[in-house]
Amino acid sequence: MRILLADDDEELCDMLGAYVRREGFDVDCAHDGEAALASALTGAYDLIVLDVMMPKRDGFDVLRRLRRESLVPVLMLTARGSDVDSIVGLELGADDYLPKPCNPRVLVARMRAVLRRAGAETDDDTGDLQVGDIELRRGARRVRRADEVVELTSTEFSVLAVLLESAGRVVGKEALSEQALGRKLTRYDRSLDMHISNLRRKLGPLPDGEERIQTVRGVGYLYRRTED
Amino acid sequence: MFNLFGKIFLWFWGTMLVTAAAVAFTTAQLGGAKIPPMIERAHVQFVEAATEATGVLASGGVRALGRWRDEHGTRSMRLYVFDPAGTEAFGQTVPAELRRFSRRFAGDPTPGPMRERRGMIVHAVPVPGEGLYRLVMIFQPPHPVWHLFTFPGLLVALLLSAVVCFGLARYLTSPLLRLRGVVQALAGGDLSVRVGPALTRRGDEIGSLGRDFDRMAERLQELIESQQRLLRDVSHELRSPLARLQAALGLARQRTGEQAADELERIEREAERLEELIGQTLSLTRLASGVESRREETVDLAGLLRSVADDARFEAAQGGRTVTEQLEDFLLVRGDPELLHRAIENVVRNAVRYTSVGGAVELSLRRVDAQALISVRDYGAGVDRRDLERLFDPFFRSGEARDRASGGYGLGLAIARRAVELHGGDIRACNAPGGGLQVDIRLPLSPADSRSGQDEGE
């Protein structure tokens with residue numbers, strides 16, 4: 001697994017790189033936004049760990065450019081104390097985020113979770129799903145709404161896949177987090193809600209004007225079947 | 001009524017009236033020798049009336065005189081008629097002095113000429129078939145003050161002075177009202193308010209007060225902003241070394257294996273505490289400076305509270321504590337859902353932390369007028385009454401006992417207060433009857449129809 005670690009703090013990058021390498025990854029570092037974007041666009045990496053604050057181009061900008069051409073998994077390192085950063089990151093299509101400073105153990109666990117679900121779906125090309133006007137092809141990791149391709153990040157794809165598998169039934173938040181994000185639901189974690197709201201935005205409402213993905217208070221989410 | 005405006009108005013107007021009256025009065029008193037024209041005019045009228053009354057009585061008797069008096073009776077005279085027996089014919093009460101006087105005339109048979117003495121005319125009038133009547137007419141000079149009202153210009157003067165006084169009072173008090181509004185806004189936490197050029201351009205004392213106020217507000221804003229900037233910069237700068245510390249710590253763990261696991265774990269825990277603290281400080285400074293751009297959405301409070309309660313239950317279960325909620329549905333507010341979530345979550349987590357082991361945290365949401373009232377109540381030790389207000393200050397700690405074990409209140413409640421204030425609401429703490437702390441959050445409800453949130457989630 002090749003990881004690109006983009007952070008302007010060189011010392012930190014070296015140490016995190018050493019840590020991650022010991023966990024069995026190949027790691028390259030980039031210290032500014034331009035370099036990070038250039039490396040990320042080579043397609044040589046399985047995961048990009050992207051710090052928000054970088055010279056030349058900030059992490060958001062890198063992510064925005066990157067997403068035009070690539071759906072490579074991205075883990076954002078956002079400024080601690082700024083919810084807006086994490087929300088903006090997820091809205092721009094990051095697969096997950098982690099407030100920085102962070103514990104490297106947590107970072108590696110997050111990286112594994114993101115990689116796991118990105119990898120899982122490419123192997124499995126059976127079980128395409130069709131619910132209403134949405135068609136989900138696992139092999140191609142592609143989602144079409146009424147024959148129109150909807151660009152989703154791998155995390156959004158996973159969340160949608162889990163919801164579509166149980167369309168018409170409620171999926172608990174814990175289950176959704178474990179199956180789609182590959183990690184246990186942590187307390188006070190809003191990232192699942194963010195992915196759901198991205199999906200709502202990207203997929204639009206159902207033909208009858210209702211929300212596709214409904215929140216069931218205190219329980220989880222439900223993908224609404226139009227036949228209901 | 002008796003605000004400054006009313007006082008100034010009444011005092012000035014009153015002063016003007018009293019001055020005018022005093023001038024008129026003294027003029028009348030001092031110019032005694034010179035009979036004011038009005039009195040002279042009244043006297044002429046009096047004499048004319050007396051002559052006329054004599055004629056009426058002589059030709060038509062008492063009854064005719066009575067009619068005449070009713071029709072023409074002037075304000076400038078008092079009229080008494082005594083019949084031949086010496087009785088007042090109109091049945092008026094006769095002043096004692098006059099009664100003696102009339103008795104003196106009782107036997108006098110001759111109708112003398114009309115003469116006036118000291119403003120009094122006494123005249124004997126023979127009425128055919130009835131005898132000799134006596135007519136007593138007393139001149140009633142008008143009071144000098146009434147003099148004033150005979151000018152038609154007086155009413156105009158009165159109104160004019162009222163207008164002038166009104167304007168004066170307005171002129172003096174309106175800048176004060178404006179100043180007061182600005183002071184209130186400043187006290188309410190808006191440091192950017194200034195009294196503005198309308199007031200500071202004045203050359204008088206109020207103008208300098210306004211300029212001084214603006215200078216003070218300016219200075220206050222600078223001080224507070226620089227303090228916040230410092231706090232933000234310090235927190236910001238602390239993050240890089242902390243991130244490196246954590247990375248180094250991770251490497252150390254990898255290399256030493258189990259050798260120093262306990263110590264490293266301890267270091268890691270402290271690093272995480274620092275991390276949390278820095279995060280909170282940055283949150284608060286961002287909120288306080290308004291740097292953080294906020295979204296504006298319609299937020300369903302019941303849904304938000306349920307998700308907060310679910311999360312809190314998770315945490316509460318570890319200490320055998322419970323979280324119960326009693327929520328009124330369909331209460332919507334406009335605002336940033338993340339921010340509101342964080343505010344309420346901070347209050348609830350705090351309650352979970354301080355409620356007694358095995359105790360409960362009660363969450364309630366209901367509508368009070370045009371506001372949503374969120375109450376969070378714990379069954380802990382409560383907070384000293386004097387400290388309630390300061391509970392929402394950053395890093396506030398009440399009492400020695402509760403801080404060491406729990407880490408104090410930190411920044412959670414300060415963040416909550418700031419977030420609630422940004423939504424036009426307020427947050428207050430009180431000790432609940434029966435023990436424990438209760439925090440009430442009031443948020444203005446969205447003007448949109450509360451029913452529109454119905455579809456979500458059911």
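Shielding of B:312-323 by partners, i.e. mean partner chain Cβ atoms within 10 Å per residue? Can you show the working numbers first?
Details: counts 2, 2, 4, 2, 0, 0, 0, 0, 0, 0, 0, 0.
Neighbouring Cβ atoms belonging to other protein chains average 1 per residue here.
Explain nothing, just compute: Karplus ³J(HN,Hα) = 6.51 cos²θ - 1.76 cosθ + 1.60, θ = phi - 60°, for every residue of the range A:145-158 in order, whole Hz, x for Gly and Pro.
In residue order, the calculated couplings are 10, 6, 6, 10, 6, 10, 7, 10, 6, 5, 5, 4, 4, 5 Hz.
Cβ under 12 Å from B:GLY434's Cβ, B:GLY434 left aside: what net charge do those residues give with Lys, Arg +1 and Asp, Glu -1?
Numbers: positive: B:ARG377; negative: B:GLU362, B:ASP378.
Once positives and negatives cancel, what remains is -1.
How high is the relative contact order of the range B:191-292, in percent, with contacts defined as C-alpha pairs under 8 Å that are six or more residues apart?
On the way: 54 pairs, mean separation 27.9, N = 102.
That works out to 27 percent.
Find which of A:LEU71, B:THR324, B:LEU176 sits farthest along the positive direction of the dipole of the protein assembly as shown, computed with +1 on the beta-carbon of Lys and Arg, -1 on that of Asp and Glu, about the Cα centre.
Ranked along the dipole, the leading option is B:LEU176.
What GluC sites (Glu not before Pro) in the range B:208-269 are in a loop by DSSP, with at most 14 other Cβ atoms within 10 Å of the Cβ?
On the way: sites: B:GLU218, B:GLU222, B:GLU225, B:GLU237, B:GLU258, B:GLU263, B:GLU265, B:GLU268; in loops: B:GLU258.
Answer in residue order: B:GLU258.
Fewest first, what order do B:ARG386, B:ARG232, B:ARG417 take by the number of other Cβ atoms within 10 Å? Let's see the in-between values first.
Numbers: B:ARG386 8, B:ARG232 19, B:ARG417 26.
By the 10 Å Cβ count, ascending: B:ARG386, B:ARG232, B:ARG417.
So which GluC sites (Glu not before Pro) in the range A:135-228 end up in coil per DSSP with only 10 or fewer other C-beta atoms within 10 Å? Walk me through the numbers before you get to the answer.
Details: sites: A:GLU135, A:GLU148, A:GLU151, A:GLU156, A:GLU165, A:GLU174, A:GLU178, A:GLU210, A:GLU211, A:GLU227; in loops: A:GLU151, A:GLU210, A:GLU211, A:GLU227.
Qualifying residues, ordered by number: A:GLU227.
What 222 nm value per residue comes from the helices of the protein assembly as shown, counting each DSSP H run with n ≥ 4 as -39,500 (n - 2.57) and dividing by all residues, nearest 500 deg cm²/dmol? Before the final figure, lay out the partial values.
Values: 20 runs with 341 residues, N = 686.
After summing the helix terms and dividing by the residues of the protein assembly as shown, the value is -16500 deg cm²/dmol.
Arranged by the count of other C-beta atoms within 10 angstrom, fewest first, what order do A:ARG2, A:ARG141 take?
A:ARG2, A:ARG141
Report the Cα centroid-to-centroid distance between the range A:27-89 and the range B:189-265 in angstrom, as an integer.
Each part reduced to its Cα centre gives a spacing of 28 Å.
Please determine, in degrees from 0 to 90 and to the nearest 10, the orientation of helix A:59-69 with respect to the longest principal axis defined by the Cα atoms of chain A, where the helix direction is its Cα long axis.
So the helix axis and the longest Cα principal axis differ by about 60 degrees.
What residues have an amide H closer than 5 Å to that of B:ALA372, excluding those fewer than 5 places away on the same chain, when H is modeled at 1.01 Å from N in the peptide plane?
Here B:LEU443, B:LEU445 satisfy the definition.
Which whole number gives the average count of other chain Cβ atoms within 10 Å of the Cβ atoms across peptide B:248-258? Mind dumping the intermediate values first?
Values: counts 7, 5, 14, 7, 1, 3, 7, 2, 0, 0, 0.
Mean partner shielding for this stretch: 4.
Run the quick spin-label model on B:ARG211 and B:SER192: label points 7 Å from Cα toward the beta carbon, then report their separation in nm to one decimal.
Label at B:ARG211, label at B:SER192, 2.6 nm between them.
Is there a quick way to get the dipole size of the range B:191-292? I mean about its Cα centre, with the Cβ of Lys and Arg at +1 and of Asp and Glu at -1; what is the value in debye to the nearest 20? Please report the intermediate quantities before stating the final value.
Details: 16 positive and 19 negative charges, 84 e Å.
So the magnitude is around 400 debye.
Ignore the peptide's own chain and count Cβ atoms of other chains within 10 Å of each Cβ in A:7-18; give me the average, rounded.
Working: counts 1, 1, 6, 0, 6, 8, 2, 3, 9, 7, 1, 6.
Other-chain Cβ atoms within 10 Å of each residue's Cβ, averaged: 4.
For A:MET111, what is the net charge nearby, where nearby means another residue's Cβ is under 15 Å from its Cβ and Lys, Arg count +1, Asp, Glu -1? Provide the component values of the computation, followed by the final result.
Values: positive: A:ARG2, A:ARG21, A:ARG22, A:LYS100, A:ARG105, A:ARG110, A:ARG112, A:ARG116, A:ARG117, A:ARG183; negative: A:ASP7, A:GLU23, A:ASP26, A:ASP28, A:ASP46, A:ASP51, A:ASP95, A:ASP96.
Around A:MET111, the charge tally is +2.
Relative contact order, percent, of chain A when contacts are C-alpha pairs under 8 Å separated by at least 6 residues? Please list the in-between numbers first.
Numbers: 405 pairs, mean separation 31.3, N = 228.
Reported as a whole number, the value is 14 percent.
Between A:MET76 and residues 5 or more places away or on another chain, which pairs have amide H atoms under 5 Å apart, with H built 1.01 Å from N, and which residues are they?
So A:MET76 has HN proximity to A:LEU50, A:ASP95, A:ASP96, A:TYR97, A:LEU98.
Quick one: order B:SER375, B:SER356 by neighbouring beta-carbon count within 10 Å, fewest to most.
Details: B:SER375 18, B:SER356 15.
Lowest to highest Cβ neighbour count: B:SER356, B:SER375.
Where a number appears in this text, it was derived from the coordinates with a stated rule and is not lab data. What you see is a predicted model; the values in this text were computed from it and never measured. Using ideal geometry, Cβ is built from the backbone for each residue, glycine included, and neighbour counts are taken over all protein chains shown.
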